[in-house]
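First the structure, in the form of structure tokens, and then the observations on it.
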Amino acid sequence: MNRFATVVVAVCCLFFLPNPSSGDSVGKPTLHLTRQSETDLEVGGDLAGLPSGSTRFITYKELLALPQVSYVVSDDSNFAGKTAISGVALTELGKLLSAAGGAELVVAICYDGYRANYPSSYLEAHRPLLVLKINGKTEANWPRSEYGGSLGPYLISNPTFTPSFRVLSHTDEAQIPFGVTRIEFRDEQTVLGSIAPRGRYPSDSPVMQGYRIAQQNCFRCHNMGAEGGQMAGRSWQVLGMWAATEPQYFTRYVKNPKAFDAKNKMPGFPNYDAATIEALRQYFATFAASGKNGGSR
């Protein structure tokens, strides 16, 4: 079980639990300026009524007061066996909290720097959920992660997952991070545009195919400035230099990073065929000139 793996989630039931205190309308949760408890969810980005980049906190109790959705999963890699999960749909959080009244892009940030990006297409296709209870229990009584630590304070799952796209040998993957501490509501073009290839290329070119793959895959752990994951410690420009100047090293690293460092947490992608690797290489190579130096391996 690992957070990078594609999983298929089977639904046994799906229903909405109304908020009895809200009547026909749902009140917005209080956004606290400071943390009230270690279980608070940190929220930021483009929040309604606040300057862009603001940070606020929502208590666990207030999240439970929002409309809840529940389902039972039987093949989610974060759990062993059939598991009941309930929480708040990310789209619902976006309607209540984002400046746009429904964020184009939701970003889930984990304690270790891992980031899962949920563009509008993913939100519509897979209906991801911020999990608040597992088998009716709060975070203190959740099962442990594959690494032996907590799955909390929050995690994200999907009621069902059927891949919605395929690019070469990369298939749409379920984004199911655990250890989520912060949710951001962002402009999709701004965030994903930060890693758009340098230059212009036909939509069906290898470079644009590589871009599509990198948005979902590489951007989770590697960063372009302040955007993207901070887990890997190797920036977009470093990957670009490898792709442009050391194509064989780039290929071997993508397929099996642990061959270079046994402690590397990056999963390998041995299923990526030559065309997929080359598309990624051509895409990342467009960033080589933008890096002042290649950095270290």
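The values are calculated or read from the model by the stated rules, or taken from the named source; none is laboratory data. None of the values given here were measured: they were computed from a predicted structure. Heads up, the Cβs are rebuilt from the backbone with ideal geometry, glycines too, and the neighbour counts pull from every protein chain shown. The area values use the complete protein model at the heavy-atom level, side chains included, leaving out ligands, DNA and RNA. Shrake-Rupley method; radii C 1.70, N 1.55, O 1.52, S 1.80 Å.
Taking a point 7 Å out from the Cα of Ser52 in the direction of its Cβ, the residues of the stretch 86-105 whose backbone N falls within less than 14 Å of it are 99-100, 104-105.
Sorted by accessible area (1.4 Å probe), largest first, how do Thr83, Thr30 line up? Can you show the working numbers first?
Details: Thr83 5, Thr30 75 Å².
Sorted descending by solvent-accessible area, the residues read Thr30, Thr83.
Counting only protein heavy atoms and using a 1.4 Å probe, what share of the accessible area of the chain belongs to carbon plus sulfur, as a whole percent? Ligands and nucleic acids excluded, carbon and sulfur reach 53 percent.
Where only DSSP H runs of four or more residues are counted, the chain gives -6500 deg cm²/dmol as its mean residue ellipticity at 222 nm, each run worth -39500 (n - 2.57).
For a modelled paramagnetic label at Ser37, 7 Å from Cα along Cα-to-Cβ, the residues of the stretch 135-166 in reach, with backbone nitrogen under 18 Å, are 135-143, 151-155. In the structure displayed, which of Lys82/Lys133; Lys82/Lys265; Lys61/Lys95; Lys61/Lys137; Lys28/Lys133 lie more than 24 Å apart, Cα to Cα? The pairs that break the limit, which is 24 Å between Cα atoms, are Lys82/Lys265. The calculated pair-distance distribution of the stretch 180-243 uses every alpha carbon pair, bins of 5 angstrom beginning at 0, and gives 4, 15, 26, 28, 16, 7, 3, 1 percent. Backbone geometry of the stretch 141-148 corresponds, through the Karplus equation with coefficients 6.51, -1.76 and 1.60 at θ = phi - 60°, to 3J(HN,Hα) couplings of 10, 6, x, 7, 6, 4, 8, x Hz, x marking Gly and Pro. 3J(HN,Hα) along the stretch 190-203, derived from phi through the Karplus expression 6.51 cos²θ - 1.76 cosθ + 1.60 where θ = phi - 60°, amounts to 5, 6, 6, x, 5, 10, 4, x, 7, x, 10, 9, x, 4 Hz, with x in place of Gly and Pro.
For q values of 0.14, 0.15, 0.20 Å⁻¹, compute log₁₀ I(q)/I(0) with the Debye formula on a Cα-only model of the stretch 139-285, without solvent. Normalising to I(0) and taking log10 leaves -0.77, -0.88, -1.44. Based on the Cβ-Cβ distance from Lys61 to Tyr111, what FRET efficiency comes out when R0 is 30 Å, to the nearest 0.05? Efficiency, rounded to the nearest 0.05: 0.90. Averaged per residue, the stretch 69-168 has 38 square angstrom of accessible surface, using a 1.4 angstrom probe with ligands and nucleic acids left out. For the chain, relative contact order (Cα pairs under 8 Å, six or more residues apart, normalised by length) works out to 17 percent. Only Lys, Arg, Asp and Glu carry charge here, each on its Cβ (+1 for the first two, -1 for the last two); on that basis the chain has a dipole of about 660 debye about its Cα centre. Would you give the gap between the C-alpha center of the stretch 215-284 and the C-alpha center of the stretch 45-120, rounded to a whole Å? Comparing the Cα centres of the stretch 215-284 and the stretch 45-120, I get a distance of 27 Å. For the stretch 217-271, the solvent-accessible area of protein heavy atoms averages 46 Å² per residue (probe radius 1.4 Å; ligands and nucleic acids excluded). Size check on the chain: the Cα extents along the three principal axes, sorted descending, read 60, 43, 33 Å.
Computed extension gain for Gln230 through Lys263, at 0.36 nm per residue and net of the alpha carbon distance, reaches 10.2 nm. When Thr276, Thr59 are compared by accessible area at a 1.4 angstrom probe, the order from most to least is Thr59, Thr276.
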